[in-house]
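Readers should treat all values here as calculations from the given coordinates under stated rules, not as data from a laboratory. Since we're looking at a predicted model, the values are computed, not measured. Positions of Cβ are generated from backbone atoms using ideal geometry, with glycine treated the same way; all protein chains shown enter the neighbour counts.
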Amino acid sequence: MAHLIELRNVYKIYQMGAETVHALDGINLTIDEGEFVAIVGQSGSGKSTAMNIIGCLDVPTSGTYHLGGVDVSTMKDDQQAEIRNKMLGFIFQQYNLIPKLNVLENVELPLLYAGVSASERRQRALRSLERVGLSDKCKNLPSQLSGGQQQRVSIARALAGDPSVILADEPTGALDSRTGREVLGFLRKLNAEGDTVVLITHDNSIAVQAKRIVRLQDGKIIYDGDASDPRAVVQPTESGGTELTDGFFHEEVGL
């Protein structure tokens, strides 16, 4: 059976003046249907580049990316846009809601672009809002909601298209810790209901809410495994010991 997401020997290389930057340096990654995976790393690790490729917002310099068994790594922009609309639901740090549209209209918007009929748009949007506990807010404007509620609207918008993958980019970054925990709880709930969730974050305390962690450093995968394994949040030091990474502490520990 084909993997839902499959990156094989993927490189993304940028030329910055005289310097050649390997944002992704030959990574191999597979994600199966129903997984909850956190892709984690600090600034410059390659995690945002990985997200852009997984999200069909960019293409590799070399290597292949299959989404749902289809090679999307060489597709043109319009072909990638079609794949994005059909298979991917995005949740961003900034909620990207349209201020003049009410909650229901915001959730319907991607379906409008996809050519879905008005009656089906409304039905699917209401169903998505019910899943995130906001069906009673459908006539409210975004400004009438809390930050956590606005993020839940963006989750509903991602769900309305019935995507194969929910791609969440730092989804708690604009929220306080309590509201952030609530949003992560919704993502875990969606995963428990069968949705595939890929979470992009720099924060270990967020990443460990997933079931699997893929850690990037300097464009390479340095850990891929169970989020509960201590190695998921530590990395080798030059002295040969281990160090807890950002989001916890900065000191060598003897694990």
Point to revise | Cα gyration tensor, region 48-111 - rounded (a/c under 1.5), prolate or oblate | key: prolate
Practice item. Note the angle between two axes, namely the Cα long axis of helix 77-87 and the longest principal axis of the Cα atoms of the chain, as a number of degrees from 0 to 90, rounded to the nearest 10. Key: 70
Practice item. Using only the Cα atoms of region 1-46, build the gyration tensor, take square roots of its eigenvalues as a ≥ b ≥ c, and label the shape rounded, prolate or oblate: rounded if a/c is under 1.5, else prolate if a/b is larger than b/c, else oblate. Key: oblate
Practice item. Just report the Cα centroid separation between region 139-164 and region 39-57, whole Å. Key: 23
Point to revise | Rounded FRET efficiency, nearest 0.05, which uses the C-beta distance separating H3 from E130 and R0 of 41 Å | key: 0.85
Exercise for review: List, in order, the whole-Hz ³J(HN,Hα) value for each residue of region 165-180 obtained from phi through the Karplus relation with A = 6.51, B = -1.76, C = 1.60 and θ = phi - 60°; use x for Gly and Pro.
Suggested key: 9, 9, 10, 10, 9, 6, x, 10, x, 9, 10, 6, 4, 5, 5, x
Point to revise | Cα centroid of region 185-224 to Cα centroid of region 65-89, whole Å | key: 22
Revision key, fill the gap. For the chain, longest principal axis from Cα atoms; helix 103-113 axis from its Cα atoms; angle between them, nearest 10 degrees, is 80
Exercise for review: Starting from the Cα gyration tensor of region 76-173, take the square roots of the eigenvalues, sort them a ≥ b ≥ c, and report rounded, prolate or oblate (rounded when a/c is under 1.5, otherwise prolate if a/b is larger than b/c, else oblate).
Suggested key: oblate
Revision key, fill the gap. Options [x] 15.4; [y] 18.6; [z] 14.5 for mean projected area of the Cα convex hull in nm²; the value derived from the coordinates is listed as [x]
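So what is the relative contact order of region 186-231, in percent, for Cα pairs below 8 Å that sit 6 or more residues apart?
For region 186-231, the relative contact order is 26 percent.
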Exercise for review: Would you mind checking which residues have amide H under 5 Å from G26's amide H? H placed 1.01 Å from N; only 5 or more apart, or other chain.
Suggested key: V10, Y11, K12
**Study point:** Amide H within-cut-off set for I200, under 5 Å, with H built and near neighbours excluded
**Key:** I39, A168, D169, E170
Review point. To the nearest 10 degrees, how steep is helix 147-160 against the longest Cα principal axis of the chain, on a 0 to 90 scale?
Key: 80
Study note, to complete from the structure: Out of T74, V153, T172 - ranked by how far each Cα lies towards the positive end of the dipole of region 73-198, with unit charges on the beta-carbon of charged residues - the top one is V153
Exercise for review: Give a quick list of trypsin sites (Lys or Arg not before Pro) in region 74-164 that DSSP marks as loop, anything other than H, G, I, E or B, with at most 11 other Cβ atoms within 10 Å.
Suggested key: K76, K100, K139
Point to revise | Long-range amide H partners of A227 with built H, under 5 Å | key: R212, I213
